[in-house]
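A short reminder: the numbers here are calculations on the coordinates, not readings from a lab. This is a predicted model, so every value here is computed, not measured. Using ideal geometry, Cβ is built from the backbone for each residue, glycine included, and neighbour counts are taken over all protein chains shown.
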Amino acid sequence: MLGLAWPRPKSILSNWLIPCFHADPIWPPCPPKQRLAVRGRIYLLEGALDDLLARYREDFADDP
């Protein structure tokens, strides 16, 4: 199972002609000369979709 996750993705898409998929994060406003971070995860695990969903919920339990 392969997954890409953000706490609040802006969009999720894939392309069947080119083997790729995207989950774009929502970036909060960043004032000039400041830094920000958005935490994401890439998953590569054995199992089913339910296993991936359980792992995502565990990893992002603290996010709104």
Would you check which residues across the stretch 29-52 are more than 19 Å from Asp63 (Cβ to Cβ) and among the small types (Gly, Ala, Ser) and list them? Gly47, Ala48
Please work out which residue is surrounded by the most Cβ atoms within 10 Å (Cβ to Cβ), limiting yourself to the stretch 1-45 and to residues that are in contact with a strand residue (DSSP E or B) (Cβ under 9 Å, 6 or more places away or on another chain) and of a type in the set (Gly, Ala, Ser). Ala5
Selection count, the stretch 18-56, where residues are assigned to a loop (DSSP other than H, G, I, E, B) and farther than 14 Å from Pro7 by Cα: 14
Only residues in the stretch 1-24 that are free of Cβ contacts under 8 Å to residues at least 60 places away in the same chain count as the first member; pair them with residues that are β-branched (Val, Ile, Thr) and in a loop (DSSP other than H, G, I, E, B), Cβ under 7 angstrom, at least 6 apart or cross-chain, and list the lot. Trp6/Val38; Arg8/Ile26; Lys10/Ile26
